[in-house]
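Only one structure is covered here, and it is reproduced in the block below.
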Amino acid sequence: VLNAKHFNAALFSDISAPIQVYDPSRSGFFPITVNKRETAPYYDGLRLRIKNLSMLQNPITIDRLLPEIVGASKDLKMLQPSTSFMVVEQSHQWKLLKRKEKDKLSAKDVFEHDESLKTPAPSTWLMLALAVIFLLFFKKRRSMKGLA
């Protein structure tokens, strides 16, 4: 299983053997130089991915790492499994989104919903109609048994 520690070691450690490519004109393998720019956006994205993997593998770190991951994701404009971006069309939606993001990142109840999750009760008229249908059905059934 590939975890964040292995992923980090594979990407950012120095490789002892040089990378070689085959050169047909010289009939052999020769080392090439690879310049790793660890400040490139690619490496920033990989670091963000590693941080996200380590957070998912150790859920106790969510309160500490999630704000960092969300901030870095916004700065780098890179989505991670723990983050998402939304299209906001109006200024009041933007204000509401900012407030919700602040609440979530301040570790308030993560599963809090504004909308009610109650199942609505069936209409009284619907219940009366079903009761009448059942009464008529059983009355007709009883009268059919009496005729047979």
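Apart from one condition, Leu56 fits all of (1) touching a Pro at 6+ places or on another chain (Cβ under 9 Å); (2) loosely packed, with under 11 Cβ neighbours inside 10 Å; the exception is (2). In the stretch 33-49, of all residues being within 19 Å of Ser84 (Cα to Cα) and among the basic types (Lys, Arg), the one that is modelled with the lowest pLDDT corresponds to Arg47.
The C-beta contact set for the stretch 50-63 (first residue closer than 16 Å to Thr83 by Cβ, second residue surrounded by 13 or more Cβ atoms within 10 Å (Cβ to Cβ) and among the aromatic types (Phe, Trp, Tyr), distance under 6 angstrom, 6+ apart or interchain) comprises Ile50/Phe7. Residue count for the stretch 62-97 satisfying the condition of being among the hydroxyl-bearing types (Ser, Thr, Tyr) and exposed (fewer than 14 other Cβ atoms within 10 Å of the Cβ): 2. Residue pairs whose Cβ atoms lie under 6 Å apart, sitting 6 or more positions apart in sequence or on different chains, and linking a residue in the stretch 23-42 that is over 30 Å from Leu76 (Cα atoms) to a partner that is part of a loop (DSSP other than H, G, I, E, B) and modelled with pLDDT under 80, are Pro31/Pro18; Ile32/Ile19.
The values are calculated or read from the model by the stated rules, or taken from the named source; none is laboratory data. Given the structure is predicted, the values throughout are model-derived calculations rather than measurements. Quick reminder, even Gly has a Cβ in these numbers, built from the backbone with ideal geometry, and neighbours come from all protein chains shown.
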